[in-house]
Amino acid sequence: MHLGDITLTLPAAAAVAAWLLASRAWRMALCWSLLYLCGIGLVGASKIAFLGWGTGLPALGFKALSGHATGATAVFPVLFYLLVRGHGVVLQRAAIAAGLVLGGLVATMLVAGAEHTPSEAIAGWAIGTLVSLGCIRCVRRLPATPALHGLGFAVLAFAGVAWLVKSIPLGYWMARAALALSGNDRLHPWDHCG
């Protein structure tokens, strides 16, 4: 499911941060960046742990968090909320709900396509939900609304990070980290849990 791929969600997350920074909403940008990085960092750590040590919960078919479900559910509710912020509570809640549903659809498609088990997709969706709702809660308390001129900076950040993500083989570096940290000479096979 390309909608939740890191090549889309990481640039989108950078665009949100750039938009907030350009609007001088420093605390909002910091809150968003820290929560997003913690969520995605958790995904990366779970994948490295499985590849290096074979961690997981075999009874649940769980190997690692779904990065697609986490990324989509973290980014889209925040992005949709920021786009309608200041236009009434009903519209804001609808935007947040639409983002969460979109993340849920990504998770569902991952399970339907046999790319993740239900437990991995649900856990990823839950982490993404915590990230997005935590950020929105932080943002709601602050008066600043992202300025329209910030959209130009958001577009530049999106393009720059998209180029960077395409040129860095993240999967390769996760595998290298798993080997280096575990001390193993081989990765734990992804098709085997336990």
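The values are calculated or read from the model by the stated rules, or taken from the named source; none is laboratory data. Keep in mind the model is a prediction, meaning the values are calculated, not measured. A quick note on method: Cβ atoms are made from the backbone with ideal geometry, for glycine too, and the neighbour counts reach across all protein chains shown. The protein model used for the area step is the full one, side chains on, heavy atoms only, and it has no ligands, DNA or RNA in it. Shrake-Rupley method; radii C 1.70, N 1.55, O 1.52, S 1.80 Å.
Details
- Virtual spin-label span in nm between ALA45 and LEU179, 7 Å along Cα→Cβ: 2.4
- Put a plus charge on the Cβ of each Lys and Arg, a minus charge on the Cβ of each Asp and Glu, and nothing anywhere else: the dipole of the chain about its Cα centre is then about 680 debye.
- Computed over the range 43-194: relative contact order in percent, which uses C-alpha pairs under 8 Å that are six or more apart: 38
- Between PRO118, ALA29, HIS188, the Cα set farthest toward the positive side of the dipole of the chain (charges on each charged residue's Cβ, about the Cα centre) is that of ALA29.
- Note on the chain: helix-only mean residue ellipticity at 222 nm, from DSSP H runs of 4+ residues weighted -39500 (n - 2.57) and normalised by residue number, equals -25000 deg cm²/dmol.
- Carbon/sulfur fraction of accessible area - the range 1-160, other protein chains in place, 1.4 Å, %: 75
- Ordering of 55-62, 168-175 by packing [mean C-beta count within 10 Å, highest first]: 55-62, 168-175
- Screening the chain for DSSP H helices whose Cα atoms reach 30 Å or more along their own axis and whose mean Kyte hydropathy is at least 0.5 gives 26-53, 89-112, 118-140.
- Rh (Kirkwood; distinct C-alpha pairs) - the range 52-160, Å: 15.1
- Cβ-Cβ distance of ARG93 and CYS38, R₀ of 41 Å, FRET efficiency by 1/(1 + (r/R0)^6): the value works out to about 0.95.
- Cα-Cα P(r), the chain, percent of pairs per 10 Å interval: 10, 34, 34, 16, 6, 0
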